[in-house]
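Please read the structure below before turning to the comments.
The values are calculated or read from the model by the stated rules, or taken from the named source; none is laboratory data. What you see is a predicted model, and the numbers here were worked out from it, not measured in a lab. All Cβ positions, glycine included, derive from the backbone under ideal geometry; neighbour counts span all protein chains shown.
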């Protein structure tokens, strides 16, 4: 891995920023160079929110990019806006709980992640971001899942009642991401 860019996008309140931060903190824990760049729409909750995470073995020259290696989209407006930003041979993870369309691009891999359903079934509807994060890491191996698990414990561990749910949802997402890359839909 020289440098890898991933975009997280959805409505404010879906945990987009938290997912990006958890990935960034895990990259830092692994001694990598990391940039986390947040962007908010006019409203915090309910408006568009997205962030970009860049992780690299080398010094990161510029945080500005016109295309990314991967995008994790949580709602239809984000799908519509960012699907085209994924580089050829890149990865698009789609929250299929809320997005009922798939890409028509044939030059990327798309993995459908029913994030909201995974989180709800595990008993924590607010953990949909963790399901997507797990699927992303399972599909890419960008960071070590054990290090990600430790980061979640450190950063989200104060909410003891949610920690077990978050870790369960993470594992379900990891499993889905691993399967998605080997059986993933290449169009």
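A few points about this structure:
- Filter result for the condition that a residue is over 13 Å from the mean Cα position of the chain (by Cα) and crowded, with 18+ Cβ neighbours inside 10 Å, over 27, 20, 15: 27
- Qualifying residue in the stretch 22-31 (condition: touching a helix residue (DSSP H, G or I) at 6+ places or on another chain (Cβ under 8 Å), modelled with pLDDT under 95 and either closer than 22 Å to residue 108 by Cα or not in a loop (DSSP other than H, G, I, E, B) (or both)): no
- Residue 76 vs. criteria within 18 Å of residue 113 (Cβ to Cβ), surrounded by fewer than 17 Cβ atoms within 10 Å (Cβ to Cβ) and at pLDDT 95 or above: yes
- When the test is whether a residue is under 25 Å from residue 97 (Cβ atoms), part of a helix (DSSP H, G or I) and in contact with a helix residue (DSSP H, G or I) (Cβ under 9 Å, 6 or more places away or on another chain), residue 18 passes it.
- Looking only at the stretch 139-187, and only at residues there that are touching a strand residue (DSSP E or B) at 6+ places or on another chain (Cβ under 9 Å) and at pLDDT 95 or above, the one that is farthest from residue 109 (Cα to Cα): 143
- Residue match in the stretch 152-172 (condition: surrounded by 17 or more Cβ atoms within 10 Å (Cβ to Cβ), in contact with a helix residue (DSSP H, G or I) (Cβ under 7 Å, 6 or more places away or on another chain) and closer than 19 Å to residue 68 by Cα): no
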